[in-house]
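The values are calculated or read from the model by the stated rules, or taken from the named source; none is laboratory data. These numbers were taken from a predicted model, which means no experiment stands behind them. Counting neighbours? That spans all protein chains shown, and the Cβs are built from the backbone with ideal geometry, glycine included.
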Amino acid sequence: MNVAIIGYGRMGKTIEKICLTRNHNVSVVIDIDNKDEINSLHDKNIDVAIEFTQPHSAFPNIRALIGQNIPVVCGTTAWTDKMEEIQELVQNQDGTFFYAPNYSIGVNLFFAINEYVAKLMNNFQDFDVSMEEIHHIHKLDSPSGTALNLAHDILTYNEKKTSWTNEETEKREELSIISKREPDVAGIHSIFYEGPYDKIECTHTAKSREGFALGSVLAAEWVHDKKGIFSMKDFLKQFL
Ligand SMILES: NC(=O)c1ccc[n+]([C@@H]2O[C@H](COP(=O)([O-])OP(=O)(O)OC[C@H]3O[C@@H](n4cnc5c(N)ncnc54)[C@H](O)[C@@H]3O)[C@@H](O)[C@H]2O)c1
């Protein structure tokens, strides 16, 4: 594939390495210094653009890429209040858009485990559920996009929880998500079910960024010749 990397930070650099090991051609790299080049990619024969930038940049970048009929795999988090506009654009342009708040295959298996446990534990309301997420100090958003995805599924299945809050809470109807920022942590997400006599902990620990980068390249390989809007759930269906 001919790949454009949009955002050449920690993730963009790791994605470039993975692309090269999988024999893809990285023909364009765009970062903040040459950001306007994103508007003139239509004649560059790009099969797919992989976008990992910053929350405020993701929406205009995706819009520019879809507008030029370039399939987009996006990993930037904390912009998804604009998702409806992107969905409309993709439909109108017959475009291709893949989004995941977390591209790690292990995390996506963890999502499935979380759903299963949330359904099961809804029958045992003596156990109160809470979450913790820990990331490196450069992470701009909190809670993480992954924590929000986990929270969404817990709120779907737990009849006692109606909303989440990014702090400790005494309110039984609120799901507490504690966010911590520490040096050199790629990402740790824990879900706790605490009862009067015991505590159950489910934790996913990312060992490095490479798992996210590989997942995004696998998603790009899978999606670049499809039309529509896709997520890791769609991607993983091929293995089920
Ligand atoms: N979905 C996932 O699996 C996953 C995994 C890790 C990180 N992330 C998210 O990916 C994003 C990037 O993470 P990172 O650790 O690489 O951050 P980073 O700060 O290291 O890199 C971001 C890069 O984007 C560049 N940038 C900013 N605005 C731009 C623009 N308009 N055009 C082009 N480049 C621009 C910055 O100059 C920087 O080099 C964050 O939102 C993070 O939360 C997602």
Practice problem: With respect to GLU88, determine if the residue is free of Cβ contacts under 8 Å to residues at least 60 places away in the same chain and assigned by TED's automatic domain parsing to the domain that holds ILE18. | Solution: yes
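Among the residues of the range 59-67, is there at least one that is touching a residue at least 24 places away in the same chain (Cβ under 8 Å), of a type in the set (Phe, Trp, Tyr), within 12 Å of the ligand (Cβ to nearest atom) and within 27 Å of PRO143 (Cα to Cα)? First the steps, then the outcome.
From the range 59-67, those touching a residue at least 24 places away in the same chain (Cβ under 8 Å) are 59, 61-67; that's our starting set.
Adding the requirement that they be of a type in the set (Phe, Trp, Tyr) leaves 59.
Narrowing the set further to residues that are within 12 Å of the ligand (Cβ to nearest atom) leaves 59.
Subset that is within 27 Å of PRO143 (Cα to Cα): 59.
The answer is yes, given that some residue of the range 59-67 is touching a residue at least 24 places away in the same chain (Cβ under 8 Å), of a type in the set (Phe, Trp, Tyr), within 12 Å of the ligand (Cβ to nearest atom) and within 27 Å of PRO143 (Cα to Cα).
Could you tell me whether ASN34 is near the ligand (Cβ under 9 Å from one of its atoms) and touching an Asp or Glu at 6+ places or on another chain (Cβ under 9 Å)? Steps first, answer last, please.
Values: near the ligand (Cβ under 9 Å from one of its atoms): yes; touching an Asp or Glu at 6+ places or on another chain (Cβ under 9 Å): no.
So ASN34 does not fit the description; no.
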Quiz item: When only residues in the range 1-22 that are hydroxyl-bearing (Ser, Thr, Tyr) and surrounded by 18 or more Cβ atoms within 10 Å (Cβ to Cβ) count, which is farthest from the ligand (Cβ to nearest atom)?
Solution: THR14
Quiz prompt | Among (1) part of a loop (DSSP other than H, G, I, E, B); (2) in contact with a Phe, Trp or Tyr (Cβ under 8 Å, 6 or more places away or on another chain) - the single one LYS171 does not satisfy | solution = (2)
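Only one of ASN2, ASN34, ASN23 is touching a His at 6+ places or on another chain (Cβ under 8 Å) and at pLDDT 95 or above. Can you tell me which?
Details: ASN34 fails: touching a His at 6+ places or on another chain (Cβ under 8 Å); ASN23 fails: touching a His at 6+ places or on another chain (Cβ under 8 Å).
One residue alone meets the criteria, ASN2.
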